[in-house]
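Visitor: I have a structure I would like to understand better, so I am pasting it below and will then ask my questions one at a time.
The values are calculated or read from the model by the stated rules, or taken from the named source; none is laboratory data. Note that the structure is a prediction, hence the values are computed from the model and not measured. Please note: Cβ atoms are built from the backbone with ideal geometry, for glycine as well, and neighbour counts cover all protein chains shown. Accessible surface areas use protein heavy atoms only, side chains included; no ligands, DNA or RNA. Shrake-Rupley method; radii C 1.70, N 1.55, O 1.52, S 1.80 Å.
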Amino acid sequence: MSDHAHDHAHGADAHEAGHEDHGLAHTTPISLLVGILGVLLVLTILTVSVTSFDLGSRGNLVVAMIIATVKAALVVTFFMHLLWDKKFHLVLFMTSVLFVILFLSMTITDRGEYDKDVEAFRQDQAQLNAK
Amino acid sequence: MASPSTTADLVAPRPSPGSDNYLTHEKGFLSWALTLDHKRIGVMYLISVLAAFALGGTFALILRTELLTSGKTIIEHDTYNQMFTLHGAVMVFLVIIPGIPAALGNIALPLQLGAKDVAFPRLNLASYYLWVLGAICMLTSLVMNAADTGWTFYAPYSTTTQTAVAPAAMGAFILGFSSIFTGLNFIVTIHKLRPPGMGWFRLPLFVWALYSTALIQVLATPVIGITLLMLIVERLLHIGIFDPSLGGDPVLFQHFFWFYSHPAVYIMVVPGFGVIGDIIPVFSRKRIFGYKFIAVSSLAIAFLGFLVWGHHMFVAGQSLLAGSIFSAITFLIAIPTAIKVFNWITTMYKGRIHLDTPMLYALAFLWVFTIGGLTGVFLAVMSVDVHLHDTYFVVAHFHYVMMGGAITALLGGIHYWWPKAFGRMYNEKVGRFGAVTVFVGLNVTFFPQFILGSRGMPRRYYNYLPEFEPLHQLSTLGAYILGLGFLMTAVSLVRSLLKPPDAPMNPWGARTLEWTITSPPPYYNFKTPPTVTRGPYDDYEGLVYDEKIRGYVEKGA
Amino acid sequence: MSDATSEAAESPKPKSVPPAADHGHGDGHGHGHEEHDPIHLANPNLAHHFDTPQQQFDAGKLGIWLFLLTEVLFFAGLFCAYTVYRSYRPEVFVYAHYFLDTKLGALNTCVLLLSSLTAAWAVRNAQLRQHSLLKLNIVITIACACAFMVVKYVEYSHKFHDGLLPGPHFAPTEQVWELESFKHKHPEAAEYAEHLYKAAEKKKAAAANPAAAAPTGEHAAAGDAHETHVRPTEEQLEPLIAAGILGPKAETRDVPSKPRNAHVFFSIYFFMTGLHGLHVLIGIGIWIWLLLKANKNVFGPNYFGPIDYAALYWHLVDLIWIYLFPLLYLIH
């Protein structure tokens, strides 16, 4: 099936649906853009103020990452237009994220396992030097 | 008047002498240097890649000559280390990774899609110039105190050695971007520039292979990019990421390096699968068996290839837990690969086999790649790898798959598309002889290395125990046979260019779209996108051989 | 066998299109009659190898998303190094974060977020052929990007001045417990560290110069002063151990110093922010180029791809900073 023919149909449908659709793609309303910026700025303030609470080092990191991910999701969905875009682009983006997770998780797991050996070696070295 | 729009409508005239084609359409250095024509870019890549192959091959011959005796033969030990480093780096980054996609893919992909060009022609030219820049950087390392770390650049040696590691790493970094842009271009081309009627499951298998390869190129190559960048910064500024004396982690380097370099070997070999997948049905005069399985298996290999990088690190300090996971998943890759091999063989069964040069290379591929692939499974077993790691067994394994897989397929593809790209047929006898010589040379060079490795001969060793001499000498003999085969082939191909274009439109009787236009093609490829009504390997019975033009024409034409 | 009509059909010479007139770049391109079809004539920015503006736009969109994919994987390596080090050498990160100015980091975050708005807005302007607004939004985007770089420059020059350099050049001019940020958060620990450090310095001076040392009486007095602090409280000790100033991870166990390999944080910091900054600079270049194009009023509903693609790139630059900021500046 040629993408070519499909694209023409897509444009026509969007017009009929009454979206703000000029020409080749959907046009984002200004109010939405400004609104999202507002939310992003609020989240930024939030993420800075949370650091004044002590949730343990793990807790603070988790909260910071959650807020960052919410901000990222807003930027990707609205500023980067993915909400109105071809699903394949979302698939591509999520694939890259998944591969990053794959890469990081295997590497960190492995480091966690052999780090014990490295630390043990360092202890022995330190003891030898102390003598 | 309606342009011919289906393959059935086309007749196959002999091009009249002096007729315009993409090679003659514009003349002059700038018309090539600033070309946006994918065919011209492909030709420039072909020449460059083959030149790099000759350079890397020369290093190989020097290495093999040095290894004739167990002590020093012709070079010093430091030079030896530099030789195998440059041999590996040139072959991997300048030849095999760009090889089939950039040279053959650029020429054939838009033609197989009935398209006018790739999606981003200027990006395509940029890819080529990045290749040239990367090559210059690598050569810079060569003429300075060439890097001696091995092409794998392991830390901490690579961060502390006094040799010119930074230019070599910078070269590889730039070449990575060349590769990324080619992959990006091909993905968009395949998604957006298909002709009417060519759905995904009517694509030639070469296109499926290029697509899968392009996905790997785009996902994996950035990681080697950042890794090489970190390596260069560590060398220059001693930041302490990889060097343990500065607080770094050398195993981390290996994780980073192999996260790309394992998928990279699939970048090297999957396009080869694609070439073989296009050649075998044509020269068996029979539709490919299991088209969908072969198509999807390319994607499966691409995906699985990302999950197994740790099998290069079993004895590097990686944990047993990680090692076990990587080992188990590595076994899985044998499955889609085997599906391909079985389907190709089944395609040939009860076909009418024509042993022309491309087919000889395809048959050689089946034999050599199977050996290479299976020995990879040996190495996937952790307990076996503990003994075989860093021995000649590994060297033999990867040369069987890279030389026997990728290079054999590259040569097969060159001979297959040569008449299309240049409008000339090469001397078939010499072509066949060259193919057989290469096949013999390959096996004589690398089979003894399996034996050497399993008997304990370590890789990258300059001096070795005298008991290994006979096998090393046999291997060196094979290397010279291989060199001879390549030389013969190169001379024959170049000589074919000296005669005027006389190749027919469809010398092999293939059904993919590139064979429906003149050889060489016009600069615009197709006047209008052809409408595709059948698969790429259908209806060979509808073509008959015409002695007068030495090519195939539609029956009843 | 080949008749006249098929011969003509296969003839590669396009009669109505003289090659020289078409493409003044000597690029060997031209596609017979398609160049002069109504769609290409109506759309001067439609490339020859695409059939419609929609196809060209969609191809470019797919292309830029693929490129963003590569950028994500590119930065992933650095995020991996960061995560590995933070997981297994947390004290280095705790130590280093006192040296960073959260306010400047937050300011940069807000600046980039604003520029993302103007970039997305610019896409809309281009789609609606609002030439002046488009140029304004591009200018604001560039201005924000420059502001980001200025703040970055201020931060970097502070760090250089304070000796906080990557790798072996790491030589902080101030001790961490002397910093305002540390003293504000952990006043007792700062005081305790100061005391221990001074005591150790005195001891060193005494050992180096035994003749100049006071007679045993003063020695005993110093020893007594030390003894009153012999059992530090949680508030005094815990922040110092967490930051590797004292304890098993420190360079010297009993004298306040810094954690082993403290420079690794700054190596990662400069690498990540530096690479990100390079991407901002490249973005500025791209926006300037687009501003020049916009000045010629070429963008409209059938051709706004370049603005759209540049904006996507810019949003990714923003995205990366959204993660860099908490990871580097908000360590607790």
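Visitor: State yes or no: is residue C:254 part of a loop (DSSP other than H, G, I, E, B) and among the acidic types (Asp, Glu)?
Guide: Considered against the rule, which asks whether it is part of a loop (DSSP other than H, G, I, E, B) and among the acidic types (Asp, Glu), residue C:254 comes out as yes.
Visitor: Taking the options A:58, A:122, name whichever one is within 11 Å of chain B (Cβ to nearest Cβ) and basic (Lys, Arg).
Guide: From the options A:58, A:122, the qualifying one is A:122.
Visitor: Can you pull out the residues in region B:310-324 that are facing another protein chain (nearest Cβ under 8 Å) and in a helix (DSSP H, G or I)?
Guide: Across region B:310-324, the qualifying residues are B:310, B:320, B:321, B:322.
Visitor: Does residue B:201 count as more than 21 Å from the chain's Cα centre (by Cα), under 20 Å from residue B:303 (Cβ atoms) and not hydroxyl-bearing (Ser, Thr, Tyr)?
Guide: yes
Visitor: Residues in region C:145-161: is at least one open to solvent by 50 Å² or more (accessible area, probe 1.4 Å) and within 17 Å of residue C:314 (Cα to Cα)?
Guide: Yes, there is a match, as at least one residue in region C:145-161 is open to solvent by 50 Å² or more (accessible area, probe 1.4 Å) and within 17 Å of residue C:314 (Cα to Cα).
Visitor: Still on this structure: Return yes or no: is residue A:17 out of contact with any helix residue (DSSP H, G or I) (no Cβ under 7 Å at 6 or more places or on another chain), open to solvent by less than 60 Å² (accessible area, probe 1.4 Å), modelled with pLDDT under 80 and more than 10 Å from every other protein chain (Cβ to nearest Cβ)?
Guide: Against the criterion (out of contact with any helix residue (DSSP H, G or I) (no Cβ under 7 Å at 6 or more places or on another chain), open to solvent by less than 60 Å² (accessible area, probe 1.4 Å), modelled with pLDDT under 80 and more than 10 Å from every other protein chain (Cβ to nearest Cβ)), residue A:17 does not qualify.
Visitor: Of the conditions (1) over 19 Å from residue B:398 (Cβ atoms); (2) free of Cβ contacts under 8 Å to residues at least 40 places away in the same chain; (3) of a type outside the set (A, V, I, L, M), residue B:461 satisfies every one except a single condition; which number is it?
Guide: (1)
Residues checked against (1) in contact (Cβ under 8 Å) with a residue 60 or more places away in the chain; (2) open to solvent by 10 Å² or more (accessible area, probe 1.4 Å):
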| site | (1), (2) |
| --- | --- |
| B:178 | yes, no |
| B:185 | yes, no |
| B:191 | no, yes |
| B:203 | yes, no |
| B:216 | yes, no |
| B:219 | yes, yes |
| B:231 | yes, no |
| B:245 | yes, yes |
| B:252 | no, no |
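Visitor: Next up: For region B:234-243, which positions are at the interface with chain C (Cβ under 8 Å from one of its Cβ atoms), of a type in the set (A, V, I, L, M) and open to solvent by 20 Å² or more (accessible area, probe 1.4 Å)?
Guide: Answer for region B:234-243, where residues must be at the interface with chain C (Cβ under 8 Å from one of its Cβ atoms), of a type in the set (A, V, I, L, M) and open to solvent by 20 Å² or more (accessible area, probe 1.4 Å): just B:237.
Visitor: Return the residues of region C:95-131 that are in contact with a Gly (Cβ under 7 Å, 6 or more places away or on another chain) and either more than 7 Å from chain A (Cβ to nearest Cβ) or within 28 Å of residue A:49 (Cβ to Cβ) (or both); say none if nothing qualifies.
Guide: Within region C:95-131, C:95, C:129 qualify.
Visitor: Something else: Going residue by residue through region B:331-352, is there one that turns out to be open to solvent by 20 Å² or more (accessible area, probe 1.4 Å) and farther than 21 Å from residue B:288 by Cα?
Guide: Yes, that holds for at least one residue.
Visitor: Follow-up question, since we're still on this one. Does residue C:320 fit the bill of being open to solvent by 10 Å² or more (accessible area, probe 1.4 Å), farther than 18 Å from residue C:136 by Cα and among the β-branched types (Val, Ile, Thr)?
Guide: So residue C:320 passes the test.
Visitor: Something else about it: Take residue B:74 and tell me if it is assigned to a loop (DSSP other than H, G, I, E, B), in contact with a helix residue (DSSP H, G or I) (Cβ under 6 Å, 6 or more places away or on another chain) and either small (Gly, Ala, Ser) or more than 30 Å from residue B:530 (Cα to Cα) (or both).
Guide: yes
Visitor: Now, a different point. Residue B:519 is checked against (1) modelled with pLDDT of 95 or more; (2) in contact with a Lys or Arg (Cβ under 7 Å, 6 or more places away or on another chain); (3) crowded, with 23+ Cβ neighbours inside 10 Å and fails just one. What number does that condition carry?
Guide: The failed condition is (1).
Visitor: Further question on the same structure: Is it fair to say residue C:321 is at pLDDT 95 or above and either among the hydroxyl-bearing types (Ser, Thr, Tyr) or touching a Phe, Trp or Tyr at 6+ places or on another chain (Cβ under 8 Å) (or both)?
Guide: no
Visitor: Identify, please: which residue in region A:21-52 is more than 9 Å from chain C (Cβ to nearest Cβ) and free of Cβ contacts under 8 Å to residues at least 24 places away in the same chain and is, among those, farthest from the chain's Cα centre (by Cα)?
Guide: Looking at residues that are more than 9 Å from chain C (Cβ to nearest Cβ) and free of Cβ contacts under 8 Å to residues at least 24 places away in the same chain, I get A:21.
Visitor: Identify, from the list C:172, C:168, the residue that is touching a His at 6+ places or on another chain (Cβ under 8 Å) and more than 19 Å from residue C:247 (Cα to Cα).
Guide: The conditions single out C:168.
Visitor: While we're on this one: What about residue B:284, is it hydroxyl-bearing (Ser, Thr, Tyr) and in contact with a Leu (Cβ under 7 Å, 6 or more places away or on another chain)?
Guide: Judged against the criteria, residue B:284 is not a match.
Visitor: On to the next question. Can you name the residue in region B:540-556 that is in a loop (DSSP other than H, G, I, E, B) and surrounded by fewer than 16 Cβ atoms within 10 Å (Cβ to Cβ) and is also farthest from the chain's Cα centre (by Cα) among such residues?
Guide: So the residue we want is B:556.
Visitor: Among the listed residues B:526, B:446, identify the single one that is open to solvent by less than 40 Å² (accessible area, probe 1.4 Å), in a helix (DSSP H, G or I) and either hydrophobic (A, V, I, L, M, F, W, C) or out of contact with any helix residue (DSSP H, G or I) (no Cβ under 9 Å at 6 or more places or on another chain) (or both).
Guide: Testing whether each residue is open to solvent by less than 40 Å² (accessible area, probe 1.4 Å), in a helix (DSSP H, G or I) and either hydrophobic (A, V, I, L, M, F, W, C) or out of contact with any helix residue (DSSP H, G or I) (no Cβ under 9 Å at 6 or more places or on another chain) (or both) leaves just B:446.
Visitor: Here is a further query. Could you tell me whether residue C:96 is under 30 Å from residue B:181 (Cβ atoms), in contact (Cβ under 8 Å) with a residue 60 or more places away in the chain and part of a helix (DSSP H, G or I)?
Guide: No.
Visitor: Let me ask something else. Does any residue in region A:61-85 that is at positive phi come within less than 7 Å, Cβ to Cβ, of a residue that is part of a helix (DSSP H, G or I) six or more places away or on a different chain, and which pairs are these?
Guide: Here the result reads none, with nothing in region A:61-85 linked to a residue that is part of a helix (DSSP H, G or I).
Visitor: Could I ask something else about it? Within region B:39-59, how many residues turn out to be buried (at least 22 other Cβ atoms within 10 Å of the Cβ), touching a residue at least 60 places away in the same chain (Cβ under 8 Å) and touching a Ser or Thr at 6+ places or on another chain (Cβ under 9 Å)?
Guide: Summing the residues that are buried (at least 22 other Cβ atoms within 10 Å of the Cβ), touching a residue at least 60 places away in the same chain (Cβ under 8 Å) and touching a Ser or Thr at 6+ places or on another chain (Cβ under 9 Å) in region B:39-59 gives 2.
Visitor: Another one. Tell me, yes or no, whether region C:31-45 has at least one residue that is in contact with a helix residue (DSSP H, G or I) (Cβ under 6 Å, 6 or more places away or on another chain), more than 7 Å from chain B (Cβ to nearest Cβ), modelled with pLDDT of 90 or more and not in a helix (DSSP H, G or I).
Guide: So far as region C:31-45 goes, yes, one or more of its residues are in contact with a helix residue (DSSP H, G or I) (Cβ under 6 Å, 6 or more places away or on another chain), more than 7 Å from chain B (Cβ to nearest Cβ), modelled with pLDDT of 90 or more and not in a helix (DSSP H, G or I).
Visitor: Output the number of residues of region C:91-116 satisfying the condition of being of a type outside the set (S, T, N, Q), open to solvent by 10 Å² or more (accessible area, probe 1.4 Å) and under 20 Å from the mean Cα position of the chain (by Cα).
Guide: 12
Visitor: Can you name the number of the only condition in (1) surrounded by fewer than 22 Cβ atoms within 10 Å (Cβ to Cβ); (2) of a type outside the set (Lys, Arg); (3) modelled with pLDDT of 95 or more that residue B:226 fails?
Guide: Condition not satisfied by residue B:226: (1).
Visitor: Does residue C:52 qualify as being over 24 Å from residue C:237 (Cα atoms), more than 10 Å from chain B (Cβ to nearest Cβ), open to solvent by less than 30 Å² (accessible area, probe 1.4 Å) and at pLDDT below 95?
Guide: It is true that residue C:52 is over 24 Å from residue C:237 (Cα atoms), more than 10 Å from chain B (Cβ to nearest Cβ), open to solvent by less than 30 Å² (accessible area, probe 1.4 Å) and at pLDDT below 95.
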